[in-house]
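First comes the structure, then the notes that go with it.
The values are calculated or read from the model by the stated rules, or taken from the named source; none is laboratory data. Quantities reported herein were computed from a predicted structural model and do not represent experimental measurements. For neighbour counting, all protein chains shown are included, and Cβ atoms are generated from backbone atoms with ideal geometry for every residue, glycine included.
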Amino acid sequence: MSDPADVRPLANLPLDQLVACHECDLLMRKPVLSRDEKAQCPRCGYELYAHRHNVVERSLALVLAALLLYVPANFLPIMQLHLLGQSADDTVWSGVIGLYSTGMRGIAVVVFLCSMAIPLLKLLCQLAVLLSIRWNVGRNYGLLLYRIYHHLRDWGMLEVYFMGVLVAIVKLLDLAELSLGLGLLCFISLLLVQVWLEVVMSPHQIWVALSGEDLHAGD
């Protein structure tokens with residue numbers, strides 16, 4: 001963790017040497033971090049940014065893992081419902097189709113976008129950004145895609161859908177026999193991998209790399 005004295009408020013330095021806290025707007029000297037160090041705001045304690053090692057390689061591994069989990073998480077059965085001698089498999093995709101076929105088309109579209117389309121688009125944007133850095137090609141497109149990714153972050157709501165699944169499981173336990181499917185395990189794994197990816201893929205380092213600066217400065 002960086003020394004708070006290194007990020008004391010300064011207002012008369014060049015802009016590229018300053019950083020503002022996203023939470024309390026305190027203006028500070030931009031600290032130079034060594035590997036695995038974090039810079040925190042001395043006023044509110046908010047983490048300004050971190051310098052993580054092998055950020056591109058680790059993030060690429062997590063993105064590829066998430067993409068591999070995407071199909072089974074959305075198309076394998078999350079749970080199997082047994083009621084009155086009949087069985088039915090429920091998946092994320094079958095939930096969208098069920099909402100649409102029962103006339104709730106607006107809700108079906110929202111569920112599809114927030115639980116399937118936007119999470120996939122976010123992963124594809126992250127993959128393209130990381131590959132542009134890794135292969136040193138198309139940095140301008142990488143910048144555009146990373147901006148798009150930040151606009152999409154608040155619309156991918158896998159955790160909200162997961163809470164809905166948990167509520168449904170709890171309510172159905174008293175009404176029918178339930179069997180949890182492999183799709184639920186894949187969905188939970190996908191959610192955890194995406195959370196881990198948000199932690200590993202340091203935004204500050206990605207912006208620095210996309211701007212053409214040395215990603216390993218300070219190591």
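Annotations for the structure displayed:
- Considering the conditions (1) at pLDDT 85 or above; (2) farther than 18 Å from Met201 by Cβ; (3) surrounded by 17 or more Cβ atoms within 10 Å (Cβ to Cβ), Val129 is excluded by exactly one of them, (2).
- Selected residue (only one of Thr102, Thr91 is surrounded by fewer than 14 Cβ atoms within 10 Å (Cβ to Cβ) and either among the charged types (D, E, K, R) or at negative phi (or both)): Thr102
- Of all residues in the stretch 161-198, those that are exposed (fewer than 15 other Cβ atoms within 10 Å of the Cβ), touching a helix residue (DSSP H, G or I) at 6+ places or on another chain (Cβ under 8 Å) and modelled with pLDDT under 75 total 0.
Residue by residue, here is whether (1) under 20 Å from the mean Cα position of the chain (by Cα); (2) assigned by TED's automatic domain parsing to the domain that holds Leu184; (3) under 15 Å from Leu191 (Cβ atoms); (4) free of Cβ contacts under 8 Å to residues at least 60 places away in the same chain holds:
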position	(1), (2), (3), (4)
Gly95	no, yes, no, yes
Ser115	yes, yes, yes, yes
Leu123	yes, yes, yes, no
Ile133	yes, yes, no, no
Asn136	no, yes, no, yes
Tyr146	yes, yes, no, no
Leu152	yes, yes, no, yes
Trp155	yes, yes, no, yes
Met163	yes, yes, yes, yes
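- Test result for Ala108, within 23 Å of Val193 (Cβ to Cβ), at pLDDT 85 or above and over 13 Å from the mean Cα position of the chain (by Cα): no
- Test for Leu68: is it closer than 30 Å to Gly142 by Cα, surrounded by fewer than 20 Cβ atoms within 10 Å (Cβ to Cβ) and modelled with pLDDT of 75 or more: yes
- Scanning the stretch 199-214 for residues that are outside any helix (DSSP H, G or I) and either at negative phi or surrounded by 20 or more Cβ atoms within 10 Å (Cβ to Cβ) (or both) turns up Met201, Ser202, Ser211, Glu213, Asp214.
- Which numbered condition Arg35 fails, given (1) more than 19 Å from Val160 (Cα to Cα); (2) at pLDDT 90 or above: (2)
- Hits in the stretch 71-90 (condition: of a type outside the set (A, V, I, L, M) and at pLDDT below 85): Gln80, His82, Gly85, Gln86, Ser87, Asp89, Asp90
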